[in-house]
Structure formats: structure tokens, C-alpha cells
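Here's the structure, in C-alpha cells; my notes come after.
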Amino acid sequence: MATLDSAFSALADPTRRALLARLALGEASVMELAEPFEMTQPAISRHLKVLEGAGLIIRRVEGTRRPCRLAPAAISEIDQWLGMLRQALAKNYDRLDDVLATMKPRKRKPRR
């Protein structure tokens, strides 16, 4: 659960969500990730450090480049947790459908 806590904490920031959305398209360097933002490269690096600490991305050293990519295990863990919630909601809606199916519609009185 601590992993989920840090992941959702990291996802609370819109810049970090945008960075993850970009990384969903494929691996990118810090400079490539910084291009669309009106903030400095060090600021983007700090965001990436938070994402890395939460286990959402993986960074590696390639000479002077620092390519980043999504961490499939963390994304999978979030998806499993959300799947559990989806199942619970589906069961609630199924129960509601059952209750509504057993209810008899009331006849309306004519309006004057």
C-alpha cells in the first residue's frame, strides 16, 4: 500500500501526469520531456525524481543522456487496485439493477 500512496501522491501534480502521458508514447530524454513546459530543466528533473521515487518511471544513464520510460510494474499495480474498485462498483450497480427490476411502477395520477 505504501507504493500506491507514493504513486498517487506523485500523480497529484498535473505536470507529473503530463510527463507520464508523454512517456506513454515511448522513452524520452529529460530535455525532450522539458520542451513543452514553461519551466526549467532542473524543475522537470525534480518532477522526474518524484516519479522515479514513486516507482512510476525508470531512468537510466546513456552517456550524457538520461532517458526515462514508464515502469510497467507500478502501472500494473495501480491498474490492479483500480480493477478491484471497478469490480466493487459493478457489484453495487448489479444489486441496484436487481432491486429496480423487482419494483413495480406506480401509476401516476392525471394532472389537472
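Here are the numbers:
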| item | result |
| --- | --- |
| For the chain: span of alpha carbons on each principal axis (Å, largest first) | 78, 36, 22 |
| The chain, helix-only ellipticity at 222 nm - DSSP H runs n ≥ 4, -39,500 (n - 2.57), divided by all residues, nearest 500 | -20000 deg cm²/dmol |
| Per-peptide average of other Cβ atoms within 10 Å, ordering 47-53, 97-103 highest first | 47-53, 97-103 |
| Stretch gain in nm, segment L100-L82, where the contour uses 0.36 nm per residue and the Cα spacing is subtracted | 3.8 nm |
| Percentage relative contact order, region 2-101, counting C-alpha pairs under 8 Å, at least six apart | 28 |
| Vicinal HN-Hα couplings computed from phi for region 16-21 (Karplus, 6.51 cos²θ - 1.76 cosθ + 1.60; Hz; Gly/Pro x) | 5, 5, 5, 5, 5, 4 |
| Packing rank of 5-12, 79-86, where each peptide gets the mean count of other beta carbons within 10 Å, highest leading | 5-12, 79-86 |
| Region 4-32-region 50-112 distance, computed between alpha-carbon centres (Å) | 18 |
| Among A18, A54, A88: highest mean-square fluctuation, GNM of the chain, C-alpha pairs under 10 Å | A88 |
| Between 0 and 90°, nearest 10: helix 2-11 axis offset from the chain longest Cα axis | 80 |
| Cα long-axis angle, helix 72-102 against the chain (0 to 90 degrees, to the nearest 10) | 10 |
| For region 23-32, Karplus couplings with θ = phi - 60° (6.51, -1.76, 1.60), whole Hz, Gly/Pro x | 5, 5, 7, x, 4, 8, 7, 4, 5, 5 |
| Degrees, to the nearest 10: 41-53 long Cα axis against longest axis of the chain | 60 |
| Length added when fully stretched, L25-D13, from 0.36 nm per residue minus Cα-Cα | 2.4 nm |
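Each reported figure results from applying straightforward, stated rules to the coordinates on display, with no laboratory input. The structure presented is a predicted model; accordingly, all values stated were derived computationally and were not measured. Counting neighbours? That spans all protein chains shown, and the Cβs are built from the backbone with ideal geometry, glycine included.
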